[in-house]
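Report on the structure given below.
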Amino acid sequence: MKLSRVRRHLLRLAFPVILGLAILFGGSSLTGLSSRMWLSVAALIMLLAAIPIAAGRSWNRPALLGLGLFAAWSFWTLLQQVPLPHYIWQHLGDRSAVSDGLELMDLPATKAMPISLAPSESFLSLFGTLPPLAIFVLFVALGWRFAAARLNWAIPLFGAAGALLGLAQILVGDSDYLYFYEVTARGLPVGVFANPNHQACFLLMCLPFVAGLIGQLRRDWASGDSDHAKAIVITALAGLILVGILAAGSVAGYALLLPVLVLSVLLARKPRSSGRPPIASPAIVIVSTLAAVLLVAFSPVLDGLGVTSFENSDLSRLGIWNVTGEIAENHWLAGTGLGSFEDVYRLYENPDTVTEKFVNHAHNDYLQAIVEFGLPGTVILLAGVVLILVLFVRVWTRQGDEHRRLRRAAATALLVLILHSFVDYPGRRPAIACLAATCFALLVVNGDSERQRRSKATKRPDIASPTDDRRLVI
């Protein structure tokens, strides 16, 4: 057996393994955890093995654009760690705290310094993006046939398992062996995550894939024993995930549940025999999406973990956003560096109200992007969001794709991530980031390319023989 075939078979086994490990050990945003470091090392190994195969694949424009945006964003975050001359560095934001620190240590104030105010944390954070990148490249390397073969069942199973763990955390109580992290919301259904808000986001992303299974079962229903068994399993998966979302107590999760359910109902429908889309489908998609934006943007302010608060306190979402806005005003041009938010926030918070609790994220990924990435990185991030929204509209309005149910489930899951990022930071968890990378691959990888090539090769006429009555029209 050739080495390339052996490597391809190993990658087929590695894809579900690395996705499962990312979900199991990627539920925290802390970059220094040993579990996250080992996960990134494993992803790097898989990435190096998959790149030669993926390079030989046919990349369409959306896939290349997505990879190009990630490369541009990575380049900018690396550039933020390069020491710059003082006459350039001093004009890239408010650097008075760094200058004062240099003077206190009797170091020259004109020393070359990087844009990032936390270079080591920036490097660790960038290293932590390897798992979702590896997931995407592995998907491309394997192709749709092998990568997407079992995802329609695997993702709902992952979601149901996480929901079941969350319910066990409630029923058993404050048991250390049921929680994966030392810093977590004990007594709440966090699943494999550190807080229930991200548990709710993850389960919401899994729910459309359950609806896809329902639609597929309705399409292929033959009333056999296997069909009834599948119906029981799918019902159990849907019930566990829905109960897990409701138990999480996330206001954003409740707000997003409505549009996800609407889109899930559309996914679960039995396709019409005519194959023509109903007139109301685009209107339902647009209205539900706008409703989700309004619900998330104007939902009650979240204070702490899964608790609603209407107060404008220092640790409420609104209080954090006020301080973050002040930081963004001073550092919007070049940013403070990936992973530097926690350190920079301490320079701006009110020292008279500081308690043992501290703010490690802005709880609005777009606002935090302005702080950390500055103008260049934020433009790249927003371009990625626009790309996903364009793909979302295209998938939900296009007919004739035999994989459209799985693609629409993936598009709905990515919409959940985009909307939830207005009030939290779910994409900074490797578990959710890897699921998002899988969904993006489902949207951009051509599922029919291999089958179409085989079909064309079969239909291509050979050199006409004397007994062949067919005429080759040129």
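The values are calculated or read from the model by the stated rules, or taken from the named source; none is laboratory data. Model, not experiment: these values are computed from the prediction. Cβ: placed from backbone, ideal geometry, glycine included. Neighbour counts: every protein chain shown. For accessibility, only protein heavy atoms count, side chains too; no ligands or nucleic acids. Shrake-Rupley method; radii C 1.70, N 1.55, O 1.52, S 1.80 Å.
One residue stands out in the range 393-409 among those that are without any contact (Cβ under 8 Å) to a residue 60 or more places away in the chain and open to solvent by less than 30 Å² (accessible area, probe 1.4 Å): the one that is farthest from Val251 (Cα to Cα), namely Asp401.
Between Ala200, Ala154, Ala163, Ala238, which is of a type in the set (Gly, Ala, Ser), surrounded by fewer than 24 Cβ atoms within 10 Å (Cβ to Cβ) and closer than 20 Å to Gly27 by Cβ?
Ala154
Within the range 113-130, being open to solvent by less than 50 Å² (accessible area, probe 1.4 Å) and of a type in the set (Gly, Ala, Ser) holds for Ser116, Ala118, Ser122, Ser125, Gly128. Among residues that are surrounded by fewer than 22 Cβ atoms within 10 Å (Cβ to Cβ) and either aromatic (Phe, Trp, Tyr) or touching a helix residue (DSSP H, G or I) at 6+ places or on another chain (Cβ under 8 Å) (or both), Gly249 is included.
If you go through the range 366-421 one residue at a time, how many are part of a helix (DSSP H, G or I) and among the acidic types (Asp, Glu)? The qualifying residues number 1. Filtering the range 57-85 down to residues that are within 16 Å of Ala147 (Cα to Cα) and out of contact with any Ser or Thr (no Cβ under 7 Å at 6 or more places or on another chain), which residue is modelled with the highest pLDDT? Here the answer is Ala63. Between Val344, Val323, the distinction of being at pLDDT 60 or above, in contact with a Ser or Thr (Cβ under 8 Å, 6 or more places away or on another chain) and part of a helix (DSSP H, G or I) belongs to Val344 only.
Every residue, every condition in (1) open to solvent by 60 Å² or more (accessible area, probe 1.4 Å); (2) within 26 Å of Ser34 (Cα to Cα); (3) assigned to a helix (DSSP H, G or I), yes or no:
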{"site": "Leu92", "(1), (2), (3)": "no, no, no"}
{"site": "Val98", "(1), (2), (3)": "no, no, yes"}
{"site": "Glu103", "(1), (2), (3)": "yes, no, yes"}
{"site": "Pro132", "(1), (2), (3)": "no, yes, yes"}
{"site": "Leu138", "(1), (2), (3)": "no, yes, yes"}
{"site": "Gly143", "(1), (2), (3)": "no, no, yes"}
{"site": "Gly159", "(1), (2), (3)": "no, yes, yes"}
{"site": "Gln169", "(1), (2), (3)": "no, yes, yes"}
{"site": "Phe193", "(1), (2), (3)": "no, yes, no"}
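For the structure I just gave you, tell me whether Val17 is touching a strand residue (DSSP E or B) at 6+ places or on another chain (Cβ under 9 Å) and in a helix (DSSP H, G or I). It is false that Val17 is touching a strand residue (DSSP E or B) at 6+ places or on another chain (Cβ under 9 Å) and in a helix (DSSP H, G or I).
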